[in-house]
Amino acid sequence: MSPFRARLVTRALLLAALSSVFSPTGAQAQIKASELQSIAQTVDGTTVRVTYSRPRMRGRYPIFGTKKVQWGEVWTPGANWATLLEVNKDLTIAGTKVPKGKYGVWMIVDRSASWTMLLDPKWKQYHTDHPKPNDTQIRVAVRADSNAVREEVLTWSFPSITVRGGTLAMHWANMRVTTDFAVEPSISELLPEAEARPYLGTFELTNGKTGKVDAKMIVTYARGGLKAQFDPKDDYLQTFALMRTGPHVFTVGLYESAEVYAGGEIYEVLKPDMMFTFKVVGGVLTLECRGEDDELYFTGKKLP
């Protein structure tokens, strides 16, 4: 195992053990035909939460295109109160800007695969009080698949996520409706070439534990940002992005396919687990790489 990966795995296991606590609840039991559920997904500090009641088919099939949910109907994908969408930061859904806040979720049900989701700032409405489309609502295009595997209980989920966003899905009966969302990144792998130029080159690295020179780091500029790799090669990091978090401070972005990073997608950012600080000492650019607990991994100096 890569020494960098071993440190990160050990720290993750420790944090998981410390966070394993039980929180008793005093909520009274109450059986409902459509039980309440709340699910949330956080991506780069942006949290998307869906709170809804879950109707069951209970032998009522088909659901869509019948008196239960008619074509052309403005329908909330849930039961009791309208399904609630909450976002703590601005984001985009299917390319449409959605400011942070609370929204009632309604859908215009269509025979085709192209549906419209209405996000209504008047979020506290009963499910039978179908609102008419109006200018206060945000209209979002969603994809509907009427040939999905039959689902007894209406279910919202986040079937896929990336470091930049994910997919939000609603599934009930034979209908699965999906749409993609994107968050505002807190840091980016992009850096103007003029600002990246001072960091380009080869750095001789000194091990923070042994004090011995045992590796090099080669920093290049490609695809609009700084890319780096170690020599000898590190199997875990391979080719990675140096992502600026502050003046002369960078963290590591790992690519989904490191061997072809130029066309790859970053899947994890190692902040604060691996932080680089650059500074000029005696006319030479130097660096320090430290972990979250300020452990010194290595130092380096740029070679002529």
Taking only protein heavy atoms and a 1.4 Å probe, the highest-to-lowest accessible-area order of 156, 71 is 71, 156
Counting only residues 5 or more apart in sequence or on a different chain, those whose built amide H sits under 5 Å from that of residue 91 are 98, 100
With the dipole of region 162-224 worked out from charges on the C-beta (+1 for Lys and Arg, -1 for Asp and Glu) around the Cα centre, which of 199, 215, 167 lies farthest toward the positive end? 215
Two-site FRET efficiency, residue 245 against residue 222, from Cβ-Cβ distance with R₀ of 22 Å, rounded to 0.05: 0.65
Using a 1.4 angstrom probe and counting only protein chains, how large is the accessible area of residue 58 in Å², to 10? 140 Å²
Accessible-area ranking of 176, 223, largest first, probe 1.4 Å: 223, 176
Relative contact order, percent, of region 53-209 when contacts are C-alpha pairs under 8 Å separated by at least 6 residues? 20 percent
222 nm mean residue ellipticity, helices alone, for the chain (DSSP H n ≥ 4; -39,500 (n - 2.57); rounded to 500): -2000 deg cm²/dmol
Hz values of 3J(HN,Hα) by residue in region 277-290 - Karplus curve (6.51, -1.76, 1.60), Gly and Pro given as x: 10, 9, 7, 8, 10, x, x, 10, 6, 10, 9, 10, 10, 10
Step through the residues of region 91-102 one at a time and calculate ³J(HN,Hα) from phi using the Karplus curve (6.51 cos²θ - 1.76 cosθ + 1.60, θ = phi - 60°), rounding each to whole Hz and writing x for Gly and Pro. 8, 10, 10, 6, x, 9, 5, 10, x, 4, x, 10
So what does residue 130 come to for accessible area, using a 1.4 Å probe and Å² rounded to 10? 90 Å²
Please list, ordered by chain and number, the residues whose modelled amide H lies under 5 Å from the amide H of residue 79; skip anything fewer than 5 residues away on the same chain. 53
Between residue 215 and residues 5 or more places away or on another chain, which pairs have amide H atoms under 5 Å apart, with H built 1.01 Å from N, and which residues are they? 205
In the neighbourhood of residue 104 defined by beta carbon distances under 14 Å, the net charge of the other residues (Lys, Arg +1; Asp, Glu -1) is +3
For region 201-217, 3J(HN,Hα) per residue [Karplus equation, 6.51 cos²θ - 1.76 cosθ + 1.60, θ = phi - 60°, Hz, x = Gly/Pro]: x, 10, 10, 8, 10, 10, 4, x, 8, 8, x, 9, 6, 9, 6, 10, 10
If I fit a long axis through the Cα atoms of helix 3-18 and take the longest principal axis of the Cα atoms of the chain, what angle between them do I get, 0 to 90°, rounded to 10? 40 degrees
Region 66-142, relative contact order in percent, only Cα pairs under 8 angstrom and at least six apart counted: 32 percent
Order 96-103, 162-169 from most to least packed using the mean count of other Cβ atoms within 10 Å. 162-169, 96-103
Over region 207-251, calculate the relative contact order: mean separation of alpha carbon pairs under 8 Å at least 6 apart, over the residue count, as a percent. 25 percent
In nm, spacing of pseudo-spin labels at residue 295 and residue 132 (7 Å Cα→C-beta vector): 6.5 nm
Ignoring ligands, DNA and RNA, what percent of the accessible area of the chain is carbon or sulfur (1.4 Å)? 53 percent
With every protein chain kept in place and ligands, DNA and RNA left out, what is the accessible area per residue of the chain? Probe 1.4 Å, answer in Å². 55 Å²
Using heavy-atom solvent-accessible surface (probe 1.4 Å) with all chains present, what is the largest-first order of 209, 67? 67, 209
Just to verify a number: what accessible area does residue 74 come out at with the full protein assembly present, 1.4 Å probe, Å² rounded to tens? 20 Å²
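The values are calculated or read from the model by the stated rules, or taken from the named source; none is laboratory data. Bear in mind the structure is a predicted one, so any value in this text is a computation, not a measurement. Methodologically, a virtual Cβ is constructed for each residue, glycine included, from the backbone with ideal geometry; neighbour enumeration extends over all protein chains shown. The area values use the complete protein model at the heavy-atom level, side chains included, leaving out ligands, DNA and RNA. Shrake-Rupley method; radii C 1.70, N 1.55, O 1.52, S 1.80 Å.
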